[in-house]
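For reference, the structure discussed in these notes is given below.
Just so it is clear, none of the values below were taken in a lab; they were calculated from the coordinates. Remember, predicted model here, so these are calculated numbers, not experimental data. For neighbour counting, all protein chains shown are included, and Cβ atoms are generated from backbone atoms with ideal geometry for every residue, glycine included.
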Amino acid sequence: MGERSRASSRTGFRTAAVTCALLLCAVAGCGTDDGGGTSDKRPSPTPATGDSADAQKDAQKPVPAAPVPRGDGGKIRDDVNGDGHPDLAYVTSYGPVGEDGGGTGRNCVVIVYGSDEGLDPATRTVLKPGDAALPGQLGTTYPTYPVLADLDADGYADLQFGANVIWGGPTGPDPKTPSTALPAVTGAPGDFDGDGRLDVPLVEDSRDGLGSPPFRVLYGPIDRNGTPARRGESRPDPVNRTSNGLAYSLHAVDADGDRTADLVASGNTDGEQGRAVLLNAGDGPAGFAAQPRELRTGNTVTSGDFDGDGKGDVVVGDSGSRNNEPGYETEAPEVDGTLTVYPGDGGTPQLLDLDLAGDYLVGDTDGDGRDELLIGSTSDGYASEPEITVIPGGPQGLDEEGRRTLRRTGPARVPGVKSKLTEEKRRPHLAAVRDFDQDGRAEVVLHWTLPQRGPSYVWVLEGDKDAVMFGDGHFTGAAG
């Protein structure tokens with residue numbers, strides 16, 4: 001029993017896709033500068049900028065740290081310091097890489113802050129080993145990115161790493177403020193009761209350890225002891241038809257454009273793509289509709305307003321993971337490499353056969369009032385596709401004919417690795433889609449790093465052009 005990615009289970013065919021994000025650091029200190037597969041369907045990639053050896057060398061030049069702007073708190077979900085601009089955060093290696101190319105086994109969290117001019121690598125926070133704010137277990141494989149969400153309703157976005165929360169504040173996280181552990185398995189936050197405060201969905205342990213686990217919602221605000229304002233009622237596993245005891249995923253989505261978040265449950269599998277269902281927020285059991293709506297098979301879930309009607313559209317698609325047991329390594333043609341959009345107005349679902357699998361990010365990158373869908377790809381810590389795919393929105397939903405790609409390349413040589421990196425190991429990850437300068441057009445963040453070691457490179461793209469490019473080796477200590 002087990003799991004493997006579409007990339008490894010379908011050699012010569014399409015590879016799996018995933019997503020990622022990335023940031024920088026400064027105020028709390030981490031390092032030397034502490035301030036405190038291919039397809040015929042695919043279009044040609046956009047011209048790559050910032051890929052030359054000179055550009056990458058320039059990106060590793062030290063950026064002097066500047067004070068983090070002090071915010072007054074606000075309503076922007078990804079705004080860690082409450083100054084009115086979204087921010088970026090990620091986990092990376094702390095300190096130099098060993099001579100054998102191995103990582104140090106020590107991690108730090110980096111936050112880079114947005115501004116009127118966009119993401120600014122000079123304003124950064126680093127949470128290093130030994131800081132009370134740094135959770136004890138963040139994993140050792142990069143890239144790793146937190147969910148940014150204001151869980152305690154104080155106007156400052158917090159960093160949620162699964163069950164661990166780092167608390168935001170007027171100048172970002174305080175290294176001396178301890179992180180908080182939530183119950184072991186949680187989903188992405190959403191406002192499920194419409195009171196303006198974020199809530200956290202939770203998959204609980206099955207009572208006998210054998211049956212399918214139930215779920216409930218922890219209604220916010222959640223205080224810094226991890227205590228919610230109230231605990232919702234327990235509800236049975238909505239996706240499992242047999243008592244296999246496997247966990248499932250909960251995804252906060254906007255399925256209809258009202259003020260409450262809805263919930264998609266997917267999974268209960270041994271690596272293969274699983275059944276997905278939609279639970280609209282309502283007055284039924286545990287605050288949701290009594291009967292879930294059947295969606296398609298697929299483990300990747302997101303939502304966005306792709307047709308510009310003000311109502312959220314739910315996307316379910318192939319994540320790329322596969323069961324590795326003989327006879328179960330593949331998916332049906334209607335699942336493999338496809339996704340389905342469920343319009344918020346209740347219209348006919350839109351099936352797209354993109355020949356791509358992975359995780360999705362959503363944002364309005366051109367300011368037309370319609371979201372784009374971005375698809376990345378990751379397998380075993382490496383990006384498995386050479387480019388990021390962008391599917392624009394349109395009056396009828398996602399416009400497959402308008403798809404384009406973004407492509408950048410990481411360095412050929414890095415500290416601690418004696419040999420030149422292959423092309424496959426130089427592909428960046430899709431890290432974030434956020435409007436850092438608040439001009440109405442979201443920027444796309446691409447991030448390159450090796451698994452379990454630094455340094456990192458970050459590209460912030462406006463359209464197809466680099467607005468910002470930087471490396472973090474000088475302030476994480478991973479430059480050599």
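Take peptides 299-308, 329-338, 145-154 and line them up by average Cβ neighbours within 10 Å, highest first, as a rough protection proxy.
Highest to lowest by the protection proxy: 299-308, 145-154, 329-338.
What shape does the stretch 266-331 have by the C-alpha gyration tensor, where a ≥ b ≥ c are the square roots of the eigenvalues, rounded means a/c under 1.5, and otherwise prolate means a/b greater than b/c and oblate the rest?
Oblate is the answer for the stretch 266-331, as a/c is 1.5 or above yet b/c matches or exceeds a/b.
For Arg259, Arg408, what ranking results if the residue with the fewest other Cβ atoms within 10 Å of its Cβ goes first?
Going from sparsest to densest Cβ surroundings: Arg259, Arg408.
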